[in-house]
1. Return a yes/no flag: does segment 39-58 have any residue that is of a type in the set (D, E, K, R) and open to solvent by less than 40 Å² (accessible area, probe 1.4 Å).
2. List every residue pair whose Cβ atoms sit under 6 Å apart, with the two residues 6 or more apart in sequence or on different chains, where the first one lies in segment 136-147 and is in contact (Cβ under 8 Å) with a residue 12 or more places away in the chain and the second, anywhere, is open to solvent by 50 Å² or more (accessible area, probe 1.4 Å).
3. Of the conditions (1) open to solvent by less than 20 Å² (accessible area, probe 1.4 Å); (2) within 13 Å of ligand 1 (Cβ to nearest atom), residue 143 fails just one. Which one is it?
4. Kindly indicate the residue of segment 67-87 that is open to solvent by 10 Å² or more (accessible area, probe 1.4 Å) and not in a loop (DSSP other than H, G, I, E, B) and also nearest to ligand 1 (Cβ to nearest atom) among those meeting that condition.
5. If you take the residues of segment 146-174 that are outside any loop (DSSP other than H, G, I, E, B) and open to solvent by 70 Å² or more (accessible area, probe 1.4 Å), which of them is farthest from ligand 2 (Cβ to nearest atom)?
6. Would you say residue 183 is assigned to a strand (DSSP E or B) and open to solvent by less than 20 Å² (accessible area, probe 1.4 Å)?
7. Can you find a residue in segment 130-138 that is within 16 Å of ligand 1 (Cβ to nearest atom) and surrounded by fewer than 16 Cβ atoms within 10 Å (Cβ to Cβ)?
8. Of everything in segment 170-189, what is touching a Leu at 6+ places or on another chain (Cβ under 6 Å) and not basic (Lys, Arg)? Give them in sequence order.
Amino acid sequence: TRSTRPQRLLRAVQKKAIKGDPQSVISTIDYFCRHSEWAMNVGDEKGVILDSVVCEVSPSTALELGTYCGYSTVRIARLLPPGTKLITLEFNPDYAAVARQIIEYSGLQDKICLVEGASGDLIPKMQELFGIKTFDFVFLDHWKDRYLPDIKLLEECQLLRKGSILLADNVICPGTPDYLEYVRNSPRYESKYFKSHLEYTKVEDGLEKSVFLG
Ligand SMILES: O=C(NC/C=C/[C@H]1O[C@@H](n2cnc(C(F)(F)F)c2)[C@H](O)[C@@H]1O)c1cc([N+](=O)[O-])cc(O)c1O
Ligand SMILES: [Mg+2]
């Protein structure tokens, strides 16, 4: 049977990227998605904004919702200080299998913990599974109708602290209207929109950065 898009993306990384070099893995995926097959990675333009927020926060604990092929996982992990871990959640086992190989190819496997399952099940287990008290940084890039329920769950599980930073992809395209309304109007968040474009296209999209105020 025909290979899947994530499998073709992995094959391009294994063929063209330099093993152990995260930047070359990132550049290879961006080239593949621009010139061969579009894929829903945060991409190079929004990726620069993601990089700047990660560097600014320099998190000790970080969570990513929505690994997919691991593109943003590698982008984030390559910037983390030594001794810090990025926990990334993925629901689809086939995507997780590809992501694990891309993460390993980049050489960043020691900074990343990929967990398979649903956010509704895994978020309440973060303390017991990883001894995490709170997250300094959360990147949301999974199903768009899960952004709002999942940050409410993070609040309920007391996994956010005063100053925790949430960064959400696709708040314009495909769009996360209920999430945006919440973080922009809740007294518990200070929110800011970073205008950009949908990965590999000229369509408007952007990232919303929200600080939890406690
Ligand atoms: O639909 C989009 N993204 C959905 C992304 C979904 C990804 O998040 C995973 N997930 C689901 N739950 C969890 C958790 F966390 F529970 F484990 C993880 C899914 O299995 C999938 O790999 C999208 C679409 C477009 N687009 O232009 O159509 C552009 C984009 O940048 C996008 O992110
Ligand atoms: Mg996205």
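1. Scanning segment 39-58 turns up at least one residue that is of a type in the set (D, E, K, R) and open to solvent by less than 40 Å² (accessible area, probe 1.4 Å).
2. Pairs found: 136/60; 144/174.
3. Status for residue 143: all satisfied but (1).
4. The residue in question is 75.
5. 162
6. no
7. Yes, the conditions are met somewhere in segment 130-138.
8. Matches in segment 170-189: 171, 173, 178, 179, 182.
The values are calculated or read from the model by the stated rules, or taken from the named source; none is laboratory data. Model, not experiment: these values are computed from the prediction. All Cβ positions, even for glycine, are placed from backbone atoms using ideal geometry, and neighbour counts span all protein chains on display. These accessible areas exclude ligands, DNA and RNA; they are computed on the full protein's heavy atoms, side chains included. Shrake-Rupley method; radii C 1.70, N 1.55, O 1.52, S 1.80 Å.
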